[in-house]
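Each remark here refers to the structure printed beneath this line.
The values are calculated or read from the model by the stated rules, or taken from the named source; none is laboratory data. Note that the structure is a prediction, hence the values are computed from the model and not measured. Cβ sites come from the backbone with ideal geometry, for glycine too, and all protein chains shown count toward neighbours.
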Amino acid sequence: MNQLIKNNLLGIKELSLEEIELIFETADNFKDVINRPIKKVPSLRDVTIANIFFENSTRTQLSFELAEKRLSADVINFSSSSSSVKKGETLLDTVNNILSMKVDMIVIRHSSPGAPHFLAKHVNSKIVNAGDGTHEHPTQALLDAYSIRERLGSIAGKKVVIVGDILHSRVALSNIFALQKLGAEVMVCGPATLLPKYISALGVKVELDIRKALNWCDAANILRIQLERQKRSYFPSLREYSLYYGVNKEMINALDKEIIILHPGPINRGVEITSSVADADNALILDQVENGVAIRMAVLYLLAGKLE
Amino acid sequence: MNVRNVVVKDTHSSHHGQEVDIRIEKGIIESIVESKIKADDPKLITPGLMDLSSHFNDPGTEYKEDLITGLKTACEGGFTDVCILPNTLPTADNRSTIEYILTKASRQVTSVHPLGALSKELKGDSLAEILDLRASGAIAFTDGVVPIMNAELLSKALQYVQKFKGLVISRPRDLSLSRGGQMHEGSVSTSLGLVGISSLSEKVMIERDLSILAYTGGRLHIHGISTFESVALIAEAKKSGLAVTCDVILHQLCYSDDHLSSFDPFYKVDPPLRTDKDIQALKNGLANGTIDALSIDHLPQDEESKILEFDLAAFGMIGLQTAFSSLLSLASKELPLDMLLEKLSNGPRQVLKLPKIKIEEGEFAKLTLLDAHLKWQYNEESNISKSNNSPLFGQLLTGKSVGVINGEKVYFPS
């Protein structure tokens with residue numbers, strides 16, 4: 001296989017194992033590129049990409065922009081913290097306006113699950129999902145899996161636990177789909193109020209005790225806990241969350257094996273993860289950020305290959 | 001007027017199953033005689049179809065549908081009678097809105113039966129002027145698509161309508177347990193990252209409604225049950241002698257939550273499409289009589305409300321014009337067409353305590369003629385509604401109404 005089957009990257013759900021492996025192989029090459037003195041290739045020289053972000057994002061947007069620039073694409077950015085509807089313009093109108101300026105690809109982040117799928121149905125462009133509400137965040141899952149593969153050699157047969165707010169997490173869902181396709185066993189762990197009731201239907205194990213979860217796994221992906229969640233009684237207080245679900249050094253030291261730690265960022269130090277864990281050698285957090293650029297270059301490069 | 005070569009589909013008629021010629025004079029069935037010359041492909045004749053809950057957006061949002069287009073759509077679909085929801089702007093919580101509806105609809109072949117608001121402005125706080133609404137023509141009382149969250153209001157309403165043996169209609173969904181819900185809560189919603197509307201939110205509400213009904217007495221109709229738990233609850237309540245009836249929305253039996261896996265907003269409805277297990281229980285409930293009626297829940301939405309990101313898209317589906325075609329696609333050994341037709345004709349009339357329509361000599365002629373083999377394209381050209389939010393839009397369908405006789409008013413599509 002040397003190209004993707006679909007014309008868009010909407011979610012991991014739509015990707016085959018072969019496509020994921022193709023993205024990884026392509027990312028291997030780009031990782032070499034970005035570690036060279038001249039970090040740039042001309043592959044996307046005549047391609048224009050619009051990053052359309054309807055939700056605040058720092059690292060994902062930066063990472064995409066950097067990936068685009070390292071591929072020599074022309075880049076425009078559109079950010080709006082509120083959904084476009086509130087401004088009186090529909091998403092379709094916004095995107096069609098941008099596409100009229102001869103843009104070839106759209107990278108979109110939106111608070112509505114399925115927004116990129118909706119665009120893919122109604123506009124004529126290549127769409128990359130950079131996070132759609134509580135649905136998917138495919139490039140994050142790809143870079144997480146890529147980072148695990150890089151550190152542990154392979155993913156098949158490995159045990160990965162995702163810890164925290166699974167209910168509101170697009171990272172969790174995409175990670176579950178990606179890791180399962182790559183042959184890993186997946187567990188989710190968090191307070192039951194933050195786990196979707198039917199999550200086990202996706203074939204994942206469910207654990208409410210963080211110590212048991214850490215003991216089981218080879219890799220733990222610790223999700224950011226969103227501070228506003230305590231308002232709707234998902235948990236009583238941040239203090240209690242960090243006492244009972246926060247990952248600290250003492251927990252890691254008590255394990256009889258070494259596990260690796262991932263976090264999609266941004267970190268709430270001292271809440272879901274302590275500094276001593278986040279900054280340790282077995283934490284891949286900064287590797288994830290670096291790999292993020294390579295993965296996004298790979299995705300954009302492969303999709304651009306399908307431009308007419 | 002003569003209607004020749006029609007097969008009677010009315011299990012309560014002595015002519016059921018016979019191919020007959022019917023003579024109708026001044027809105028009354030004068031004679032029914034067996035056809036001497038049989039037709040190759042006889043049409044069916046059935047007691048006039050009736051819907052318990054449609055939405056014609058008039059007054060208020062007439063750009064999606066109005067009383068005239070709504071009733072014409074119903075007529076094209078074979079309906080002699082349609083109940084319409086009070087969720088208009090202004091709401092049907094006052095005499096003048098009811099009178100407006102009845103006056104505007106009076107020349108149409110299909111009869112309209114407005115449902116009156118249960119609470120003022122459908123706010124769920126205090127009772128609307130139910131006696132006055134009834135006197136002006138409201139047939140039953142409900143807050144329509146808005147669930148009655150206030151338990152006190154429901155109990156007062158059930159007591160208040162007892163003066164005239166009135167009917168209260170409840171849409172069972174506990175809003176506090178389904179906040180922000182977009183579709184059925186289950187494995188599909190989980191994998192789509194969409195907020196679910198749990199079966200629990202329906203169950204809790206029905207349990208509450210039934211407990212209140214047991215306390216107050218009166219008559220309660222639960223509209224649009226959608227889960228297997230609801231079927232079981234109502235079966236038990238009926239066994240215990242409670243005066244409760246219920247219906248299931250036709251599209252609820254045709255599609256499951258799997259249809260949402262590509263975020264198609266045309267399948268976004270409230271109550272949400274549930275699972276195959278629920279569908280099976282609903283079918284069993286229809287067959288064994290737990291469920292009294294089918295309803296259509298015709299809810300028109302324009303493109304601006306539907307062609308949007310999934311969580312911004314409006315709920316609702318239209319279905320009056322395509323109802324018979326959907327019935328045919330459902331008909332099977334366990335769900336005979338005769339029974340399905342009954343649930344969409346005399347079923348709703350029994351819920352509302354209206355006289356039963358019988359295909360017998362001397363009876364009032366409220367009849368629907370159906371062609372079970374006619375193939376037709378459901379598209380821009382054939383669609384009568386102002387909206388097209390149906391998953392069937394654009395498809396070649398089998399089965400169509402070919403005539404409506406509503407007393408002296410008749411309609412035969414060209």
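Figure legend. Inter-residue proximity from the range B:119-134: first residues on the phi > 0 side of the Ramachandran plot and acidic (Asp, Glu), second residues at pLDDT 95 or above and crowded, with 17+ Cβ neighbours inside 10 Å, beta-carbon distance below 7 Å, spacing 6+ or different chains. Indicated pairs: B:121/B:91; B:121/B:93. Look at the range B:362-414 and say how many of its residues are among the hydrophobic types (A, V, I, L, M, F, W, C), closer than 17 Å to residue B:319 by Cβ and in a loop (DSSP other than H, G, I, E, B). Total meeting the criteria: 3.
So which residues in the range B:119-173 are basic (Lys, Arg) and under 18 Å from residue B:54 (Cβ atoms), if there are any at all? Walk me through how you get there before you give the answer.
Residues of the range B:119-173 that are basic (Lys, Arg), as a first pass: B:120, B:123, B:134, B:156, B:163, B:165, B:171, B:173.
Result: B:171, single match.
Let's see how each residue does on (1) surrounded by fewer than 22 Cβ atoms within 10 Å (Cβ to Cβ); (2) assigned to a helix (DSSP H, G or I); (3) on the phi > 0 side of the Ramachandran plot:
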position	(1), (2), (3)
A:143	no, yes, no
A:147	no, yes, no
A:183	yes, no, yes
A:197	yes, no, no
A:213	no, yes, no
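Look at the range A:265-283: where a residue is at positive phi and a partner is assigned to a loop (DSSP other than H, G, I, E, B) and at pLDDT 95 or above, sitting 6+ places away or on another chain with Cβ atoms under 9 Å, you get A:270/A:246. Residue count for the range B:186-236, restricted to those that are charged (D, E, K, R) and either within 14 Å of chain A (Cβ to nearest Cβ) or without any contact (Cβ under 8 Å) to a residue 40 or more places away in the chain (or both): 4. Scanning the range A:268-289 for residues that are surrounded by fewer than 16 Cβ atoms within 10 Å (Cβ to Cβ) and either β-branched (Val, Ile, Thr) or in a helix (DSSP H, G or I) (or both) turns up A:275, A:276, A:286.
Keeping to the range A:100-111, report how many residues are more than 10 Å from chain B (Cβ to nearest Cβ) and touching a helix residue (DSSP H, G or I) at 6+ places or on another chain (Cβ under 8 Å). Can you show your working first?
The initial filter retains those residues of the range A:100-111 that are more than 10 Å from chain B (Cβ to nearest Cβ), namely A:100-109.
This time we only want the ones that are touching a helix residue (DSSP H, G or I) at 6+ places or on another chain (Cβ under 8 Å), so: A:104-109.
Here the count works out to 6.
Just one residue in the set B:258, B:292, B:276 is closer than 22 Å to residue A:118 by Cβ and in the same structural domain as residue B:336 (by TED's automatic domain parsing); that residue is B:258. Selection of the range A:129-170 for residues being among the small types (Gly, Ala, Ser), over 13 Å from the mean Cα position of the chain (by Cα) and within 19 Å of residue A:214 (Cα to Cα) yields A:156, A:157, A:164.
Tell me, which residue of the range B:169-185 that is among the hydrophobic types (A, V, I, L, M, F, W, C) and buried (at least 24 other Cβ atoms within 10 Å of the Cβ) is farthest from the other protein chains (Cβ to nearest Cβ)? In this case the residue turns out to be B:169. Counting residues in the range A:41-53 that are modelled with pLDDT of 95 or more and within 14 Å of chain B (Cβ to nearest Cβ) gives one or more.
Restricting the first member to the range A:201-213 and to residues that are within 14 Å of chain B (Cβ to nearest Cβ), and the second to residues that are surrounded by 15 or more Cβ atoms within 10 Å (Cβ to Cβ) and among the hydroxyl-bearing types (Ser, Thr, Tyr), the beta-carbon pairs closer than 9 Å and six or more apart or on different chains are A:201/B:187; A:201/B:190; A:201/B:191; A:202/B:187; A:202/B:190; A:202/B:191. When you look at residue B:145, is it in contact (Cβ under 8 Å) with a residue 12 or more places away in the chain, of a type in the set (Val, Ile, Thr) and in a loop (DSSP other than H, G, I, E, B), yes or no? Here the answer is yes, as residue B:145 does meet what is asked. In the range A:90-99 there is no residue matching the filter, namely being of a type in the set (D, E, K, R), within 14 Å of chain B (Cβ to nearest Cβ), farther than 21 Å from residue A:307 by Cα and in contact with a Gly (Cβ under 9 Å, 6 or more places away or on another chain). Which of the residues belonging to the range B:170-199 are among the aliphatic types (A, V, I, L, M) and in contact with a helix residue (DSSP H, G or I) (Cβ under 6 Å, 6 or more places away or on another chain)? Once the filter is applied, which keeps residues that are among the aliphatic types (A, V, I, L, M) and in contact with a helix residue (DSSP H, G or I) (Cβ under 6 Å, 6 or more places away or on another chain), the range B:170-199 yields B:177, B:183, B:188. Considering the conditions (1) away from chain A (no Cβ under 12 Å); (2) closer than 19 Å to residue B:248 by Cα; (3) not acidic (Asp, Glu), residue B:165 is excluded by exactly one of them, (2). The residues listed here are B:384, B:279, B:357, B:291; of these, the one that is under 16 Å from the mean Cα position of the chain (by Cα) and of a type in the set (Val, Ile, Thr) is B:291. If you go through the range A:138-169 and keep only what is at the interface with chain B (Cβ under 10 Å from one of its Cβ atoms) and in contact with a Ser or Thr (Cβ under 6 Å, 6 or more places away or on another chain), you end up with just A:168.
Taking the stated definitions as given, is residue A:32 without any contact (Cβ under 8 Å) to a residue 60 or more places away in the chain and either in a helix (DSSP H, G or I) or not assigned by TED's automatic domain parsing to the domain that holds residue A:297 (or both)? Judged against the criteria, residue A:32 is a match. Checking the structure you have, find out if any residue of the range B:247-257 is more than 19 Å from residue B:298 (Cβ to Cβ), in a loop (DSSP other than H, G, I, E, B) and free of Cβ contacts under 8 Å to residues at least 12 places away in the same chain. No, the conditions are met nowhere in the range B:247-257.
Yes or no, residue by residue, for (1) crowded, with 19+ Cβ neighbours inside 10 Å; (2) polar (S, T, N, Q); (3) in a loop (DSSP other than H, G, I, E, B); (4) free of Cβ contacts under 8 Å to residues at least 12 places away in the same chain:
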| residue | (1), (2), (3), (4) |
| --- | --- |
| B:285 | yes, no, no, no |
| B:290 | yes, yes, yes, no |
| B:294 | yes, no, no, no |
| B:300 | yes, no, yes, no |
| B:304 | no, no, no, yes |
| B:310 | yes, no, yes, no |
| B:313 | yes, no, yes, no |
| B:321 | yes, yes, yes, no |
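Number of residues in the range A:51-72 that are in a loop (DSSP other than H, G, I, E, B), under 14 Å from residue A:128 (Cβ atoms) and more than 15 Å from the chain's Cα centre (by Cα) equals 1. Quick one: is residue A:178 in a helix (DSSP H, G or I), within 14 Å of chain B (Cβ to nearest Cβ), in contact (Cβ under 8 Å) with a residue 40 or more places away in the chain and not polar (S, T, N, Q)? Criteria met by residue A:178.
Among the residues of the range A:112-131, those identified as in contact (Cβ under 8 Å) with a residue 40 or more places away in the chain and more than 7 Å from chain B (Cβ to nearest Cβ) are A:116, A:120, A:126, A:127, A:128, A:129, A:130, A:131.
Checked against (1) under 23 Å from residue B:206 (Cα atoms); (2) in contact with a His (Cβ under 9 Å, 6 or more places away or on another chain); (3) not in a strand (DSSP E or B), residue B:173 passes all but condition (2). Look at (1) under 23 Å from residue B:265 (Cβ atoms); (2) free of Cβ contacts under 8 Å to residues at least 40 places away in the same chain and you find that residue A:75 fails only one, number (1).
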